[in-house]
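Reviewing the structure listed below.
The values are calculated or read from the model by the stated rules, or taken from the named source; none is laboratory data. Being a predicted model, the structure only gives us computed values, none of them experimental. Neighbour counts run over all protein chains shown; Cβ positions are idealised from the backbone, glycine included. Ligands, DNA and RNA are stripped out before the accessible areas are found, and what is left, the full protein with its side chains, is counted by its heavy atoms. Shrake-Rupley method; radii C 1.70, N 1.55, O 1.52, S 1.80 Å.
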Amino acid sequence: MATERYNPRETEPRWQSYWSDKKIFETDNDDPREKYYVLEMFPYPSGRIHMGHVRNYTMGDVVARFKRAKGFNVLHPMGWDAFGMPAENAAMQNNTHPKAWTYENIATMRDQLKSMGLSLDWSREFATCDVDYYHRQQMLFLDFLDKDLVYRKESKVNWDPVDQTVLANEQVIDGCGWRSGAPVEQRNLTQWFFKITDFSQDLLDELDNLDGWPEKVRLMQRNWIGRSEGLRIHFEFADAASVESETLEVFTTRPDTLYGASFMAVAAEHPLALKAAETNPELAAFIDECRKLGTSVAALETAEKKGIATGFKVKHPLVEGEELPIYVANFILMDYGTGAIFGCPAHDQRDLDFARTYGLPVKPVVLPKGEDAASFEIDTTANTDDGVLFNSEFLDGLSIDEAKDAVADKLENITVGGVAQGMRQVNFRLRDWGISRQRYWGCPIPVVHCDDCGVVPVKATDLPIELPDDINFDKPGNPLDRHPTWRAVACPSCGKPAKRETDTMDTFVDSSWYFARFTDPKADTPTTPQVASDWLPVDQYIGGIEHAILHLLYSRFFARAMGVAGHLNADEPFKGLFTQGMVTHETYKADDGKWISPAELRFEEEGGSRKAYLLDGGSEVKIGGIEKMSKSKRNTVDPTDILETYGADTARWFMLSDTPPERDLEWTAAGADGAFRFVQRIYRLFAEFKSQGLDPNAAIPATLDGQALELRKLAHKTVSLIEQDIEKLGFNRAVARVYELVNLMAKVKLNDKSDDAIKAVFAEALSYLAILINPMIPHLAEECWIMLGNETSLSNTDWPQFDPALLVENEILMPVQINGKKRAELTIPADADQKSIEDAVMKLDAVQNALNGGTPKKLIIVPKRIINVVV
RNA sequence: GCCCCCUUGGUGAAAUUGGUAAACACAGCGGACUUAAAAUCCGUAGCCUUCGGGCUUGCCAGUUCAAGUCUGGCAGGGGGCACCA
């Protein structure tokens, strides 16, 4: 029978308008139903959506639509992470305005997203570059300032001398600016910092409770926060007269190795180093060199452990008369611990390298198992393994942990200069978050610099501080700095002429609280606290693994800081987190080494292998590896092309099929064709039913058998299974289950002679099928639903209730193993007792033959699973 | 250097969490329909085999009646952090 083909180009826009006109996906904050907040990481408006977006937003949409059908009040918003450097770069290259460029991109991408048929509440949409949004971000900043969660300090930054701007670490490539290519300098600038370290312990502890997060991400955050327990030790100066303070303070996680100490080392920026440099030109030059070298990866890998003696010495706290020389060393970081260490070369590789270079003593104090105390020596590898203390007086014979405690106990009870010489301390790797950026296209930091009053916050009533539109990018640097009038302002405190802060906030600030703003995006305050607290945490957050640390950690900090400032009451921003894999594609390379886009090629099957030829000219190109879609490798596929050729449902179906969502998904043309064919196949199933004039609401007889029973059981089972799959985000499994149901339905050939039972069961299966596929391919589902004679939208239709009785099997086919190998099968009633199963097993030929007249050593019957006869 | 993850047919994968390995799909092969093609439908399909069966989840051991799943070791691939004292 000929049926018309499904035409997504006509159908999809029609349903999109329907959903939009009826405001179906707009969410009411006062809805009494249980809430469910599903969110995908909002996009940066770079210009066009890419396949990664399609995958991300499809997954979120499946969850949103499913939860809607399950009766939740679902919040599923969308917005734009719209501040950032690309807009400024575009402005410089194309002579456009960052604002115009950004909003144009948003318009394009909004249309693209809308053509995907996502169940988004567009009424809550905002961009972080909307004055309305960054106004509230400035309010947050002032509140944080008030709550002592923001401060200013001088710190080292990556400075690009050509572009005259600070660069983030990620923007420094091999020690050079990513745009200018100029060697990056370390500069000291006064920057604003958020006190994320106030929450170090809590951010670490609460990871244990985030059981809806991937273990991998939790681990990455644990490592990033980097908690270590140790001892802070005051070393008394041997010649106290020469320095101002009486002690040099260090942090160590290995106080057990104190008897192995042979030198002290301080960072180049350490006050003691600067003090010593005053009278030591050689040292001053060395400090300068350290500063220039910076801390780039490349520099670190090649840099040798170098240092210069300060001439100062400290007394060993436990060895009478022993003195340790103090060096300034290039491998000591000023911003970890106290910026000073004691060096124990035998048990720390860096210390060992340093000691070998400068001929310092290397005295082992931990003896590894199986080594002899008399002969154990350290050569070029420091010993960091477990062992027993020796050469260490009162510590001898103790384990490392015992010795750590023993040293801590001892030093805590010695006072030097009025304080305990040792103090147990916890140290974190996590640093405060520097948010100042010397850029135009970001949220202005709402403070004023007054010659008399210093740094003065802008009055809340004077907010927002808006970015000026009349700027130019004809020179590098921050255009706000050279704006003719914008900077000039009266001091909020004394009223005298003062200057605005021209730094803007890191764009990560913008994305650290947008999920809270979505709960009440038009509020005059950053949030309406009660509303935000009701919606948060986000139940399911979905995005890329690349944000495992920064964005997700910053957001966790913001949830806490906003809690302190009274803007919301939620321990964590994201209850469930899912990190999806990338979208990849084959790569193609011409003989001259140039990457070729798949759109420029045709493919042929030759002798079992695929070959690729240029459409233009026909020469063969090499098929290369499968890699992340990227412009540089030219292996991208534009979602717009796919949406126009195949429709949104096909793209969505492809994204969900086959590959588990956390893994990388390879986009292939063949796969897209396959997805399209399946969309058509489902349509035909419904169209043929309709064309036969069958009753979609026929009553199902009380008793069924044969194919009707089989189909009805599978339909109900599929409802149950897909429900579980979607709950666990196992979209690929859900897709496989749809195929199974459709395959069975396709086997049922309905015609005039079909009995009423199968017709009725088929009709029920069709209506279930429409609901089941709705979260995944909603346009087709709606269309099919209408073909069944329904008048309401599937978007307002509940998930079906499966009948549990239909999931129970009366008879079970159990495999029978003999000595662990499958040798027979046995069909047993589900309620068979142990004895009758045993009897049946013993009667089997295979079992009789194996036993050869004897009795089994063991008979294992796992109910409803398996039988194993051990002979 | 430290920490973590992954490895199943030609390919993407599934496996009720220790219980019939390979569901489902893609690609393939055979067939039907067609003047032909597309589309569609039916069938087939891990490997070896002397047709009895044997082997099979990167490799080697172990635990168990039973291992893709648990334990130990090895190999390959990927990721995170990285002078963090």
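Take region A:410-449 and flag every residue that is in contact with a helix residue (DSSP H, G or I) (Cβ under 6 Å, 6 or more places away or on another chain) and part of a strand (DSSP E or B).
A:Ala420, A:Gly422, A:Arg424, A:Phe428, A:Trp433
Considering only region A:676-708, state which residues are over 46 Å from the mean Cα position of the chain (by Cα) and aliphatic (A, V, I, L, M).
A:Leu694, A:Ala698, A:Ala699, A:Ile700, A:Ala702, A:Leu704, A:Ala708
Is it the case that some residue within region A:298-314 is more than 16 Å from RNA strand B (Cβ to nearest atom), surrounded by 14 or more Cβ atoms within 10 Å (Cβ to Cβ) and under 30 Å from A:Ala406 (Cβ atoms)?
The answer is yes; a qualifying residue exists.
Do we find that A:Asn810 is touching a Lys or Arg at 6+ places or on another chain (Cβ under 9 Å) and either surrounded by 12 or more Cβ atoms within 10 Å (Cβ to Cβ) or under 30 Å from A:Glu723 (Cβ atoms) (or both) in this structure?
Working: touching a Lys or Arg at 6+ places or on another chain (Cβ under 9 Å): no; either surrounded by 12 or more Cβ atoms within 10 Å (Cβ to Cβ) or under 30 Å from A:Glu723 (Cβ atoms) (or both): yes.
Answer is no for this residue.
Assuming A:Ala355 fulfils every condition listed in (1) within 16 Å of RNA strand B (Cβ to nearest atom); (2) among the hydrophobic types (A, V, I, L, M, F, W, C); (3) more than 30 Å from A:Asp432 (Cα to Cα); (4) open to solvent by 30 Å² or more (accessible area, probe 1.4 Å) apart from one, which condition is it?
(4)
Within region A:657-668, does at least one residue satisfy the condition of being free of Cβ contacts under 8 Å to residues at least 60 places away in the same chain and within 24 Å of A:Ile545 (Cβ to Cβ)? Explain how you work it out, then say what you get.
So in region A:657-668, the residues free of Cβ contacts under 8 Å to residues at least 60 places away in the same chain come out as none.
Scanning region A:657-668, I find no residue that is free of Cβ contacts under 8 Å to residues at least 60 places away in the same chain and within 24 Å of A:Ile545 (Cβ to Cβ), so the answer is no.
Please work out if A:Pro492 is assigned to a loop (DSSP other than H, G, I, E, B), open to solvent by less than 60 Å² (accessible area, probe 1.4 Å) and touching a residue at least 40 places away in the same chain (Cβ under 8 Å).
Working: assigned to a loop (DSSP other than H, G, I, E, B): yes; open to solvent by less than 60 Å² (accessible area, probe 1.4 Å): yes; touching a residue at least 40 places away in the same chain (Cβ under 8 Å): yes.
Judged against the criteria, A:Pro492 is a match.
Condition (residue is free of Cβ contacts under 8 Å to residues at least 12 places away in the same chain and of a type outside the set (S, T, N, Q)) applied to region A:253-262: is it met by at least one residue? First the steps, then the outcome.
In the first step, residues of region A:253-262 are kept if they are free of Cβ contacts under 8 Å to residues at least 12 places away in the same chain; the result is none.
Checked against the condition, which is being free of Cβ contacts under 8 Å to residues at least 12 places away in the same chain and of a type outside the set (S, T, N, Q), region A:253-262 yields no hits at all.
Of the conditions (1) over 26 Å from the mean Cα position of the chain (by Cα); (2) modelled with pLDDT under 95; (3) in a loop (DSSP other than H, G, I, E, B), A:Arg9 fails just one. Which one is it?
In the conditions (1) over 26 Å from the mean Cα position of the chain (by Cα); (2) modelled with pLDDT under 95; (3) in a loop (DSSP other than H, G, I, E, B), A:Arg9 misses (3) alone.
Among the numbered conditions (1) surrounded by fewer than 17 Cβ atoms within 10 Å (Cβ to Cβ); (2) in contact with a Leu (Cβ under 6 Å, 6 or more places away or on another chain); (3) of a type in the set (A, V, I, L, M, F, W, C), tell me where A:Trp785 comes up short.
Looking at each condition in turn, A:Trp785 falls short on (1).
Could you tell me whether any residue of region A:59-71 is assigned to a loop (DSSP other than H, G, I, E, B) and more than 23 Å from the chain's Cα centre (by Cα)?
Yes, region A:59-71 has at least one match.
Check A:Leu806 against each of (1) in contact (Cβ under 8 Å) with a residue 24 or more places away in the chain; (2) within 10 Å of RNA strand B (Cβ to nearest atom) and name the one condition it does not meet.
Result: A:Leu806 passes all but (2).
I'm trying to understand the selection: among the residues of region A:690-714, which are without any contact (Cβ under 8 Å) to a residue 60 or more places away in the chain and either in a helix (DSSP H, G or I) or among the aromatic types (Phe, Trp, Tyr) (or both)? Walk me through it before giving the result.
In the first step, residues of region A:690-714 are kept if they are without any contact (Cβ under 8 Å) to a residue 60 or more places away in the chain; the result is A:692-693, A:701-711, A:714.
Within region A:690-714, A:Gly706, A:Gln707, A:Ala708, A:Leu709, A:Glu710, A:Leu711, A:Leu714 meet the criteria.
Give the residues of region A:581-595 that are farther than 17 Å from A:Gly671 by Cα and in contact with a Leu (Cβ under 9 Å, 6 or more places away or on another chain), sorted by residue number. Step through it out loud before you land on a result.
Of the residues in region A:581-595, the ones farther than 17 Å from A:Gly671 by Cα are A:581, A:588-595.
A:Gly581, A:Tyr588, A:Ala590 - these are the residues of region A:581-595 that are farther than 17 Å from A:Gly671 by Cα and in contact with a Leu (Cβ under 9 Å, 6 or more places away or on another chain).
When region A:245-271 is examined, which residues are found to be in a loop (DSSP other than H, G, I, E, B) and in contact with a Lys or Arg (Cβ under 7 Å, 6 or more places away or on another chain)? Lay out the reasoning, then the answer.
Within region A:245-271, the subset in a loop (DSSP other than H, G, I, E, B) is A:245-246, A:253-254, A:261-262, A:267-270.
Answer for region A:245-271, where residues must be in a loop (DSSP other than H, G, I, E, B) and in contact with a Lys or Arg (Cβ under 7 Å, 6 or more places away or on another chain): A:Ser262, A:Ala268.
From (1) within 10 Å of RNA strand B (Cβ to nearest atom); (2) at pLDDT below 95, pick out the condition that doesn't hold for A:Pro696.
The number of the failed condition is (1).
Quick one: would you say A:Lys404 is over 30 Å from A:Thr504 (Cβ atoms), within 13 Å of RNA strand B (Cβ to nearest atom), of a type in the set (D, E, K, R) and touching a residue at least 60 places away in the same chain (Cβ under 8 Å)? Steps first, please.
On the way: over 30 Å from A:Thr504 (Cβ atoms): yes; within 13 Å of RNA strand B (Cβ to nearest atom): yes; of a type in the set (D, E, K, R): yes; touching a residue at least 60 places away in the same chain (Cβ under 8 Å): yes.
Yes, satisfied.
Just checking, which of A:Val808, A:Val862, A:Val869 is of a type in the set (A, V, I, L, M) and more than 30 Å from A:Leu709 (Cα to Cα)?
On the way: A:Val808 fails: more than 30 Å from A:Leu709 (Cα to Cα); A:Val862 fails: more than 30 Å from A:Leu709 (Cα to Cα).
Only one candidate passes the filter, namely A:Val869.
When the residues of region A:722-755 are filtered to those that are in a loop (DSSP other than H, G, I, E, B) and either of a type in the set (S, T, N, Q) or farther than 29 Å from A:Ala698 by Cβ (or both), which remaining residue is farthest from RNA strand B (Cβ to nearest atom)?
Quick first cut of region A:722-755, residues in a loop (DSSP other than H, G, I, E, B) only: A:728-730, A:748-755.
Checking which are either of a type in the set (S, T, N, Q) or farther than 29 Å from A:Ala698 by Cβ (or both) leaves us with A:728-730, A:751, A:754.
Numbers: A:Lys728: 8, A:Leu729: 11, A:Gly730: 6, A:Asn751: 14, A:Ser754: 16 Å.
Among them, the one singled out is A:Ser754.
Taking into account only those residues within region A:380-392 that are within 13 Å of RNA strand B (Cβ to nearest atom) and open to solvent by less than 80 Å² (accessible area, probe 1.4 Å), which is farthest from A:Gly359 (Cα to Cα)?
A:Asn383
For region A:654-674, what are the residues that are surrounded by fewer than 22 Cβ atoms within 10 Å (Cβ to Cβ) and under 27 Å from A:Val748 (Cβ atoms)?
Residues of region A:654-674 surrounded by fewer than 22 Cβ atoms within 10 Å (Cβ to Cβ): A:657-664, A:666, A:668-674.
Result: A:Ser657, A:Asp658, A:Asp673, A:Gly674.
Only one residue in A:Glu320, A:Glu377, A:Glu371 is open to solvent by 30 Å² or more (accessible area, probe 1.4 Å), closer than 25 Å to A:Asp409 by Cβ, part of a loop (DSSP other than H, G, I, E, B) and more than 12 Å from RNA strand B (Cβ to nearest atom). Which one?
Numbers: A:Glu377 fails: closer than 25 Å to A:Asp409 by Cβ; A:Glu371 fails: closer than 25 Å to A:Asp409 by Cβ.
So the residue among A:Glu320, A:Glu377, A:Glu371 that is open to solvent by 30 Å² or more (accessible area, probe 1.4 Å), closer than 25 Å to A:Asp409 by Cβ, part of a loop (DSSP other than H, G, I, E, B) and more than 12 Å from RNA strand B (Cβ to nearest atom) is A:Glu320.
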